[in-house]
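The values are calculated or read from the model by the stated rules, or taken from the named source; none is laboratory data. These numbers come from a predicted model, not from an experiment. Cβ atoms come from the backbone with ideal geometry, glycine included; neighbour counts cover every protein chain shown.
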């Protein structure tokens, strides 16, 4: 073995998250605390339309990949059933059932004007958010009295269900309104409320390599989440209303509050069909959505709700703020969206209804603002009301879609859950088999970085020792663009042949033979998880409830960070003033997954040769969501063999 000095204590601090700056070592932002949904998520709009076109395309792809919707699943027959019409004052309401995936039902209420409008009508989707019992909401007498006393409502029945009030108000304006259940609420029973929204512990029986369930390592590997399924339900809800004979497909709006606000702007970000949206009390630079149904791995890494909502620009978007996490939206978020809309030539198309005297809500003042917004931008057949009309509260018995003729499916059905995820996975595998380029499109999202985003790097030398035939240099490659640092040792031969070999391994076995052949050698020390993480268990955000999305939705995992270090090393070598003639990467068995992930992203004219040791490891073998080797999406896009094929040189 080649004689080498031991890495210094100062260098070790880089990897352990110590006070590296005071020790003279380049700081590495990754050694700091993990980001969580309660962080700060500012949006800095680009300075040109060209820059936004590039950024928005990348962010839209990231959103689709994160939600398990790249490729979009095949749209199977909806098999829609509309039944049980109830007549109200100026509106009718019917019961709707359709299948978003085979055997999985979306349920809701279809509101229409009592007197059909002339010609085609606009339609509005209403995802409801986290209100007690969802579509069957019935606020208490005390809460209704408080709402009326504070000016949040004027009518008792509207106070009892602001959700019904919204749908009825829009129907009276001439709109067709589909108010559908979020997963686990009201008539949506096949995946339970407790699982979809209150999940808190891994289920051993649902973590099998075959027949897995939501929240499992396998589901993470396939990017299957409650948020992804909910968004797919919203896409199919668009299909449903678009297919109604009276609906003008060019005039579809979407509006919801809280979790329904999240669904509103996320749906609008990835589906081009909505013409105007009105997300309430959710677009903000603060808390991003607390529920498992509002989070997914990969989703908000490098972004946040304000920028995600901006993907709808320049189409019309109205928003509301209240005395909750949106209370600073007027000064943090709105000005940036106004700049973006101005850049795109439509400054008038973004608006904030700022009523921070009210708590979290979709109350009467917010509804009145929404009515005016949709009147203007959906060209509703009838104008927004000066005063919201009264109505008689509709009971659960009047609204429920299930009855003797249409019996409810099994509730909280684990076999249905398995079938849905299996169908979702098999559909994606079939499409990827036909179009392998889907993997190449998704890889930068899975890796958290593309080759073009490798960063600007520089060398910080810590120690130089002349050996017999080569110069040994220890130090750090500082990635200034990403504020990261990679500890590394370079061996530079006295008679350099122009080539560089990067050895991804523990220790220096084989390095002496390489440098004696005339090639320079780089031995990087890839990222390792700082305390309280360990080699076997990665860090996670506090209160993550055994859901990987709360951590991996905001932070790059260990596997990705190690791949980033490989990109940093290669980018530094590639850009070095000595202009190497060739770069080769060799990965020992312990470093194959991260090495393959990185090299798969690097052009062949940069890394001309890559050698990977034989390994039995597969991402499918990861059985713990806290494993440092968890790579969300790896299973969907072909596991390690797919990476090795793309890394082959």
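For region 269-282, indicate whether the set of residues that are without any contact (Cβ under 8 Å) to a residue 60 or more places away in the chain, assigned to a helix (DSSP H, G or I) and assigned by TED's automatic domain parsing to the domain that holds residue 128 is non-empty. No; the residues of region 269-282 include none that is without any contact (Cβ under 8 Å) to a residue 60 or more places away in the chain, assigned to a helix (DSSP H, G or I) and assigned by TED's automatic domain parsing to the domain that holds residue 128.
All conditions but one from (1) at pLDDT 95 or above; (2) more than 17 Å from residue 90 (Cβ to Cβ) apply to residue 128; the one that does not is (1).
Selection over region 173-225 of residues that are in contact with a strand residue (DSSP E or B) (Cβ under 6 Å, 6 or more places away or on another chain) and outside any loop (DSSP other than H, G, I, E, B) gives a count of 5.
Output the residues belonging to region 551-571 that are within 19 Å of the chain's Cα centre (by Cα), assigned to a helix (DSSP H, G or I) and within 27 Å of residue 457 (Cα to Cα). Once the filter is applied, which keeps residues that are within 19 Å of the chain's Cα centre (by Cα), assigned to a helix (DSSP H, G or I) and within 27 Å of residue 457 (Cα to Cα), region 551-571 yields 552, 558, 559, 560, 561.
Being within 17 Å of residue 454 (Cα to Cα), buried (at least 23 other Cβ atoms within 10 Å of the Cβ) and in contact with a strand residue (DSSP E or B) (Cβ under 7 Å, 6 or more places away or on another chain) is true of residue 569. Comparison of 421, 364, 438 shows that the only residue that is assigned by TED's automatic domain parsing to the domain that holds residue 160 and touching a residue at least 12 places away in the same chain (Cβ under 8 Å) is 364.
In region 304-316, of all residues being in a loop (DSSP other than H, G, I, E, B) and in contact with a helix residue (DSSP H, G or I) (Cβ under 6 Å, 6 or more places away or on another chain), the one that is surrounded by the fewest Cβ atoms within 10 Å (Cβ to Cβ) corresponds to 314. Could you check, for region 36-44, whether at least one of its residues is within 17 Å of residue 561 (Cα to Cα), modelled with pLDDT of 95 or more and surrounded by 12 or more Cβ atoms within 10 Å (Cβ to Cβ)? There is no residue in region 36-44 that is within 17 Å of residue 561 (Cα to Cα), modelled with pLDDT of 95 or more and surrounded by 12 or more Cβ atoms within 10 Å (Cβ to Cβ). Scanning region 435-458 for residues that are assigned to a loop (DSSP other than H, G, I, E, B) and farther than 26 Å from residue 63 by Cβ turns up just one, 456.
Mind checking whether some residue in region 16-33 is over 30 Å from residue 555 (Cα atoms), part of a loop (DSSP other than H, G, I, E, B) and in contact (Cβ under 8 Å) with a residue 24 or more places away in the chain? Give the derivation first.
Just the residues of region 16-33 that are over 30 Å from residue 555 (Cα atoms), to begin with: none.
Checked against the condition, which is being over 30 Å from residue 555 (Cα atoms), part of a loop (DSSP other than H, G, I, E, B) and in contact (Cβ under 8 Å) with a residue 24 or more places away in the chain, region 16-33 yields no hits at all.
Residues in region 325-344 that are in a loop (DSSP other than H, G, I, E, B) and under 23 Å from residue 372 (Cβ atoms): how many? Full working, then the answer.
Keep residues of region 325-344 that are in a loop (DSSP other than H, G, I, E, B), which gives 325-333, 344.
After this cut, where a residue has to be under 23 Å from residue 372 (Cβ atoms) as well, the list is 326-327, 329-330, 333, 344.
Residues flagged as in a loop (DSSP other than H, G, I, E, B) and under 23 Å from residue 372 (Cβ atoms) within region 325-344 amount to 6.
Screening 290, 260, 333 for residues that are surrounded by fewer than 24 Cβ atoms within 10 Å (Cβ to Cβ), touching a residue at least 60 places away in the same chain (Cβ under 8 Å), assigned by TED's automatic domain parsing to the domain that holds residue 214 and within 20 Å of the chain's Cα centre (by Cα) leaves exactly one candidate, 290.
Which one of 195, 229, 244, 238 is under 26 Å from residue 370 (Cβ atoms) and crowded, with 19+ Cβ neighbours inside 10 Å? Step through it out loud before you land on a result.
Details: 195 fails: under 26 Å from residue 370 (Cβ atoms); 229 fails: under 26 Å from residue 370 (Cβ atoms); 244 fails: crowded, with 19+ Cβ neighbours inside 10 Å.
Just a single option satisfies the conditions, and that option is 238.
Would you be able to say whether some residue in region 138-155 is assigned by TED's automatic domain parsing to the domain that holds residue 114, out of contact with any strand residue (DSSP E or B) (no Cβ under 8 Å at 6 or more places or on another chain), closer than 30 Å to residue 413 by Cα and modelled with pLDDT of 95 or more?
Our first condition is that a residue be assigned by TED's automatic domain parsing to the domain that holds residue 114; within region 138-155, this holds for 138-155.
From what's left, out of contact with any strand residue (DSSP E or B) (no Cβ under 8 Å at 6 or more places or on another chain): 138-155.
The next check asks that each one be closer than 30 Å to residue 413 by Cα; those that pass are 138-139.
Keeping just the survivors that are modelled with pLDDT of 95 or more gives 138-139.
Yes, there is a match, as at least one residue in region 138-155 is assigned by TED's automatic domain parsing to the domain that holds residue 114, out of contact with any strand residue (DSSP E or B) (no Cβ under 8 Å at 6 or more places or on another chain), closer than 30 Å to residue 413 by Cα and modelled with pLDDT of 95 or more.
If I filter region 343-353 for residues that are touching a strand residue (DSSP E or B) at 6+ places or on another chain (Cβ under 7 Å), crowded, with 22+ Cβ neighbours inside 10 Å and more than 28 Å from residue 551 (Cβ to Cβ), do I get at least one hit? Within region 343-353, one or more residues are touching a strand residue (DSSP E or B) at 6+ places or on another chain (Cβ under 7 Å), crowded, with 22+ Cβ neighbours inside 10 Å and more than 28 Å from residue 551 (Cβ to Cβ).
Touching a residue at least 60 places away in the same chain (Cβ under 8 Å) and either buried (at least 23 other Cβ atoms within 10 Å of the Cβ) or within 30 Å of residue 620 (Cα to Cα) (or both): is that true of residue 202 in this structure?
Values: touching a residue at least 60 places away in the same chain (Cβ under 8 Å): yes; either buried (at least 23 other Cβ atoms within 10 Å of the Cβ) or within 30 Å of residue 620 (Cα to Cα) (or both): yes.
Here the answer is yes, as residue 202 does meet what is asked.
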